[in-house]
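Before any comments, here is the structure.
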Amino acid sequence: DNWLVEVKGLSKSFSVQKGLFGSNKYLRAVNDISFGIRKGETFSLVGESGCGKSTTGRLVTRLLKPDEGEVWFDGHNISGLSDNAMRPIRKNMQMVFQDPYASLNPRMKVKDLVAEPLIIHTKLSPKERDKLAAELLETVGLSAFHAERYAHEFSGGQRQRIGIARALSVRPSLIVADEPVSALDVSIQSQVINLLQDLQEQYGLTYLFISHDLSVVEHISDRIGVMYLGSLVETADKDALYDRPLHPYTQALLSSVPVPDPSRKKERIILKGDLPSPVDPPAGCRFHTRCPSCMDICATKAPVFREIEAGHQVACHLYDEAIMKTGGAAS
Ligand code: SF4
Ligand code: MG
């Protein structure tokens, strides 16, 4: 396989203070996850807010250092590299964020926003940077005429185009897009998704696309990973995931996605209970407090994440061999 990114057993915790006199506790934001992203594909990470998908994006681009596990980029283990050693690699992995309002400096002209990464990563002259910025603005569907204006003069969708032009400026091979369309109107969302797909073809880009919304990722994804409370619970090709979701959490998420074709409509699965705190996650399978298929074993033993059919991995005791043979009675 032609992996651009390989993530192996990645974990990351943050310390959090519990109450004024509370002791420090640890929030295990990412819990021993493994996946790969092939060159030229879009791999999406999906899950509710707080499931660890943004932290994973920051670990992949090494904005954060992992506590355990490894990130391989284009055949090199980048997990332990110093910031200096990371600099030439970082040029190849750019991020696009959810909120273009927050990520773009309102006091900078658009041409300078777009060209800013070029100052860090290239030796281009100011004139060359201006020329490239104007070309990039056209590439993302704006015009060179916009270059002298300020970010606050643009709509949300236009600002996201500016953010994308900025990410593209240094010709990265990987773009990590963290909820890139979540702040936009639905009609604008599809325009930005289409733009991302066009750019992927044009530049051979690889995407790690992060979203809480399975209806947003359906059109752009080649493969999808589903996260719950810091753990990766299922990964599969897009079609396999939508047609044959194996994990009860994925099944519940998909049951709430609106589908235009009524014959594909599944009965809505309402999960009981609230999302547990990631500071004190449930023992065993982290999903067991809400799982409609929970068995005795699930409360004590964490399921192993493994391949059930080619390219389709899941972490769930329902697919343990002994349990599959007896239809669940083994517990
Ligand atoms: Fe549900 Fe058990 Fe599977 Fe967890 S391991 S998803 S609790 S059936
Ligand atoms: Mg997030």
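The values are calculated or read from the model by the stated rules, or taken from the named source; none is laboratory data. Note that the structure is a prediction, hence the values are computed from the model and not measured. Backbone-built Cβ (ideal geometry, glycine too); neighbour counts: all protein chains shown.
Yes/no per residue for (1) under 20 Å from Glu218 (Cβ atoms); (2) without any contact (Cβ under 8 Å) to a residue 40 or more places away in the chain; (3) surrounded by fewer than 18 Cβ atoms within 10 Å (Cβ to Cβ); (4) of a type outside the set (Lys, Arg):
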{"position": "Leu246", "(1), (2), (3), (4)": "yes, no, no, yes"}
{"position": "Glu267", "(1), (2), (3), (4)": "yes, yes, yes, yes"}
{"position": "Thr289", "(1), (2), (3), (4)": "no, yes, no, yes"}
{"position": "Arg306", "(1), (2), (3), (4)": "no, yes, yes, no"}
{"position": "Ala315", "(1), (2), (3), (4)": "no, no, no, yes"}
{"position": "Lys325", "(1), (2), (3), (4)": "no, yes, yes, no"}
TODO: Answer with yes or no whether Arg166 is assigned to a helix (DSSP H, G or I), closer than 23 Å to Phe73 by Cα and over 18 Å from the mean Cα position of the chain (by Cα).
DONE: yes
TODO: Determine if the range 24-42 includes at least one residue that is over 13 Å from Gly225 (Cα atoms) and within 16 Å of ligand 1 (Cβ to nearest atom).
DONE: yes
- [ ] Looking only at the range 282-331, count how many residues are assigned to a helix (DSSP H, G or I) and modelled with pLDDT of 95 or more.
- [x] 7
TODO: Output yes when any residue across the range 7-24 is more than 23 Å from Phe305 (Cβ to Cβ), at pLDDT below 95 and surrounded by 15 or more Cβ atoms within 10 Å (Cβ to Cβ), and no when none is.
DONE: no
TODO: Filter the range 174-185 down to residues that are in contact with a strand residue (DSSP E or B) (Cβ under 6 Å, 6 or more places away or on another chain) and away from ligand 2 (no atom under 12 Å from the Cβ), then give me how many there are.
DONE: 2
Task: Of residues in the range 60-88 being surrounded by 15 or more Cβ atoms within 10 Å (Cβ to Cβ) and hydroxyl-bearing (Ser, Thr, Tyr), the one modelled with the lowest pLDDT - done: Ser79
Task: Residue tally, condition at pLDDT below 95, away from ligand 1 (no atom under 16 Å from the Cβ) and of a type outside the set (Gly, Ala, Ser), over the range 43-57 - done: 0
TODO: Could you grab me the full set of residues in the range 58-82 that are out of contact with any Leu (no Cβ under 6 Å at 6 or more places or on another chain) and of a type in the set (Gly, Ala, Ser)?
DONE: Gly75, Ser79, Gly80, Ser82
Task: Wholly within the range 1-98, strands (runs of 3 or more DSSP E) carrying at least 3 residues that are in contact (Cβ under 8 Å) with a residue 60 or more places away in the chain and over 30 Å from Ala252 (Cβ atoms) - done: 68-73
- [ ] Determine which member of the set Gly52, Gly57, Gly40 is at positive phi and buried (at least 20 other Cβ atoms within 10 Å of the Cβ).
- [x] Gly52
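Scanning for something part of a helix (DSSP H, G or I), surrounded by 15 or more Cβ atoms within 10 Å (Cβ to Cβ) and either at pLDDT 95 or above or β-branched (Val, Ile, Thr) (or both), does the range 173-186 turn up at least one residue? Let's see the steps before the verdict.
Applying the first criterion (part of a helix (DSSP H, G or I)) to the range 173-186 yields 186.
Retained after the next criterion (residues that are surrounded by 15 or more Cβ atoms within 10 Å (Cβ to Cβ)): none.
No: the range 173-186 contains no residue that is part of a helix (DSSP H, G or I), surrounded by 15 or more Cβ atoms within 10 Å (Cβ to Cβ) and either at pLDDT 95 or above or β-branched (Val, Ile, Thr) (or both).
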